[in-house]
1. Identify all lysines with a Cα-Cα distance to B:Lys20 below 20 Å; exclude those on the same chain that are fewer than 8 residues away in sequence.
2. For A:Glu577 and A:Arg3, FRET efficiency with R0 = 51 Å and r from the beta-carbon atoms, rounded to 0.05?
3. Using amide H atoms built 1.01 Å from N in the peptide plane, name the residues 5+ places from B:Arg65, or on other chains, whose amide H lies under 5 Å from its own.
4. Just grab the label-to-label distance for A:Ala279 and A:Tyr125, each label 7 Å out from Cα along the Cβ direction, in nm (one decimal).
5. Per residue and in cubic angstrom, what volume does the convex hull of the Cα atoms of region A:2-220 have?
6. At what distance in nm do the modelled label points of A:Arg519 and A:Glu550 sit from each other, each positioned 7 Å from its Cα along Cα→Cβ?
7. Classify region A:90-247 as rounded, prolate or oblate from the Cα gyration tensor: take a ≥ b ≥ c as the square roots of its eigenvalues, call it rounded if a/c is under 1.5, otherwise prolate when a/b beats b/c and oblate if not.
8. Any chance you could count the Lys pairs in region A:393-559 whose alpha carbons are under 29 Å apart, treating pairs 8 or more apart or on different chains as valid?
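Readers should treat all values here as calculations from the given coordinates under stated rules, not as data from a laboratory. Just so it is clear, the model here is predicted, and its values are computed rather than measured. Every residue, glycine as well, gets a Cβ built from its backbone with ideal geometry; the counts of neighbours run over all protein chains shown.
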Amino acid sequence: MHREFLMGNEAMAVGALVAGVNVVAGYPGTPSTEVLETVAKRRGEGVYVEWSVNEKAALEVAAGAAYAGARTLVTMKQVGLNVASDPLMSLSYIGVKGGMVVLVADDPGPISSQTEQDTRTFAAYAKLPVLDPSTPSEAYAMMGEAFELSEELGCPVIVRPTTRVDHGYEDVEVADPEDWRVNEPEGFVRDPSRWVIFPALSVRAHAAIEKRDAVLAKRLSGYARNAVTQTAGPDARPRLGIATHGISATYVAENLSEKDDVRVLRIATPYPFPEDLAAEFLDGLDEVLCVEELDPVIERALIATCARRGLNVRICGKLTGDIQPSGENTVESVGAALDRFLGRGEACELAPGGSSPRAVSQAEGRECLSTEKNPPAPPTLPIRPPVLCAGCPHRASFYAVKCAMKGRKTLFCGDIGCYTLGNAKPLDMVDTCLCMGAGINIAQGVTHVEPDTAAFAFVGDSTFFASGITGMVNAFYNQANMTLVVLDNSTTAMTGHQPHPGTGRTMMGQVVEKVSIERVLRAIGLTVVETVDPLDHELAVETVRRVADEPGVKAIIFRSPCVVLARPKARSTVDAEKCVGCQRCVRELGCPALVPDAATGKVRIDAAQCTGCTLCEQICPTRAISGGERL
Amino acid sequence: MSTNVILAGVGGQGAVLASKLLARAAMGRGLPVKTAETIGMAQRGGSVFSHVRMGEGAHAPLIGRGRADAIVAFEPAEAVRQLSFLRPGGMVVTSDAPVVPVSAATGGPAYDLSAIMSYLRERVGEGNLVVVDAAVATDALGTAKALNVVLLGAAARAGALGPVTVDDLASAVRALVKPAFADLDLAALNL
């Protein structure tokens with residue numbers, strides 16, 4: 001054993017390698033991405049790893065490997081589970097032979113996601129066991145436990161860290177490589193009665209799952225990570241309890257001291273719920289506060305436990321307004337909730353909607369001691385919404401379409417990736433964004449209602465492969481009228497530059513034939529497919545005008561490398577003599593490298609950020625900017 | 001007791017590397033360490049922060065408001081943004097060089113540097129505030145890229161990093177930074 005300073009995602013990757021994982025597949029998505037990247041970096045020779053085209057493909061690849069007896073890991077973020085839900089729901093019935101861990105990273109906040117969905121709820125819906133780690137060290141250990149459980153039960157097991165566990169670092173005790181388990185898969189054994197799903201199989205499988213989960217729930221009451229502890233306060237029989245999980249358990253620990261009289265239940269397996277342990281915890285308590293993020297999973301389970309066992313314990317939490325119903329918990333939000341619940345001295349006012357009557361009476365009339373009464377208001381701070389990088393080719397692509405379509409009735413459907421940031425002013429070029437690949441179909445739907453709209457769907461190269469192609473087949477087959485704009489920077493930029501089918505590289509380090517976006521589109525049947533450098537502004541605008549006026553489904557591929565990966569050749573500078581301070585460049589482009597001088601109004605270029613993309617040079621009315629060189 | 005430090009800046013200023021260096025330095029002293037990072041969409045030109053907790057007694061990777069012993073900021077407005085985390089009597093070590101966002105030129109709030117600096121002086125108190133002259137550091141090093149390490153060095157000298165010394169940070173630089181950049185960072189530490 002040795003100690004390493006690891007990010008939670010790195011710890012889980014190493015945990016899987018220690019457990020002898022054979023096959024790892026996933027699709028990038030914050031906060032899950034580093035798990036698979038770490039596997040690729042640290043894997044031994046026998047371990048296969050891939051970025052699949054999407055989460056559904058990843059899960060199916062892993063399922064096949066698990067059918068053949070391999071230990072497999074699938075990684076994704078929570079919205080990726082929606083994409084993978086079709087195979088996962090059926091796989092829950094079919095089961096696996098080799099251990100299979102589905103690692104789904106949830107994102108309370110949300111910080112980098114479209115939704116605040118809770119994979120604990122999804123696990124109950126899919127009837128699959130789910131483990132919920134609180135720290136990177138625990139997440140490391142849980143990976144091995146999840147593989148054992150999966151193999152023993154013959155079903156996938158979900159591990160669902162949240163962002164603060166994924167991206168938190170800790171010094172973790174790690175097994176040395178010579179102690180890593182070696183798993184020799186038996187191979188696929190043909191057995192249609194086991195591997196081919198039919199209603200008759202599903203009838204049997206569903207009954208077996210219900211029986212299994214009831215037994216498992218009892219057993220998990222003895223799982224050491226589901227635990228009841230008690231603070232060291234003077235009262236040996238506390239009347240108050242706190243039920244918590246995941247990262248929130250650490251916030252609870254931060255806010256309890258030896259002066260508090262309270263019993264704490266930590267749930268590491270929200271499904272199947274360890275009800276026997278919960279009943280032990282509830283015994284003798286008057287009131288319980290459930291401190292959870294996302295769904296009130298434990299809260300509902302405790303309410304059900306009380307109802308089933310005839311226990312008269314008041315269960316508070318999200319459903320009673322005592323814990324915020326959405327958003328991320330913090331050390332201080334949990335601290336304030338505990339102050340109210342425990343009636344401690346620092347208790348401030350009750351949260352809106354809070355209903356714990358005992359806490360109200362004790363908190364009333366007390367002053368908040370933790371902060372000054374009226375601290376002076378801070379000065380107005382600049383706001384820093386995320387923006388497209390200086391020199392980002394997406395800026396040029398959006399700007400070309402904007403210029404070309406000025407004055408026309410248009411619809412600009414966006415998608416998921418860096419280019420969602422095309423919504424920011426001054427570009428303001430994203431009218432819709434729903435989920436991966438949706439923009440292409442949304443554009444079609446709008447034009448069925450408004451045929452006179454020139455509809456554009458913007459999609460990145462990785463998203464095109466992940467889920468754009470079916471939409472394009474739909475558009476072509478159903479005689480839609482729209483323009484696809486592929487923003488091709490030849491990488492998956494948003495999540496940290498993962499390879500995809502268009503890059504010609506794999507996670508195994510092979511150089512392979514690239515899948516050509518142009519050829520895919522032509523194979524579907526499109527006849528107008530134009531590829532252009534968006535940084536050639538005049539040509540780009542002219543191309544957009546021409547293609548948009550063609551009937552039917554057509555495509556423009558704006559191809560230019562991601563500036564984070566490419567090295568600038570030469571940077572632009574402003575000739576202060578020629579600059580008249582009109583700030584057209586700033587107003588039109590909003591490039592972070594363009595810095596207007598507060599006094600003179602003239603623009604300066606921040607050499608540390610400029611990539612020499614020349615877009616500002618091309619639109620400057622006095623030709624005051626020069627020196628850049630496009631990539 | 002743990003020492004709790006918040007590193008604050010703008011995406012691209014090297015907050016993640018700085019927090020790794022600080023964590024490594026603390027581990028070199030035999031202390032357990034937990035950190036929390038900003039990763040993902042918020043990185044692109046956005047405000048970023050790292051929470052670093054060194055020593056026994058830390059459960060969560062995040063520091064609660066009013067519980068940070070020090071804020072080390074690579075950008076002055078970001079120091080103010082994180083100020084509610086500082087405990088009474090805590091220290092702020094900040095660069096004086098603003099990073100003005102696009103939004104300030106396209107209709108968003110203006111960047112008022114003098115208001116920001118005077119607010120810091122008033123709230124933190126002169127005795128607990130260390131302002132690093134970023135222009136001097138950039139001139140001396142020939143680049144602004146090592147500003148994150150300059151600030152760490154200044155914070156260690158000011159006693160803002162608890163038990164972690166400049167020597168501990170230097171060992172961390174040697175262990176974590178590629179040799180091609182290590183000399184720059186070692187010079188930055190001792191500026």
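1. Partners found: A:Lys41, B:Lys34, B:Lys145, B:Lys178.
2. Between A:Arg3 and A:Glu577 the formula returns 0.25.
3. Those qualifying (amide H under 5 Å, at least 5 residues apart or on another chain) are A:Glu332.
4. Each label point is offset 7 Å from its Cα along the Cβ direction, giving 3.0 nm.
5. 112
6. Calculated label separation equals 1.9 nm.
7. In terms of gyration-tensor shape, prolate.
8. Final tally of qualifying lysine pairs is 8.
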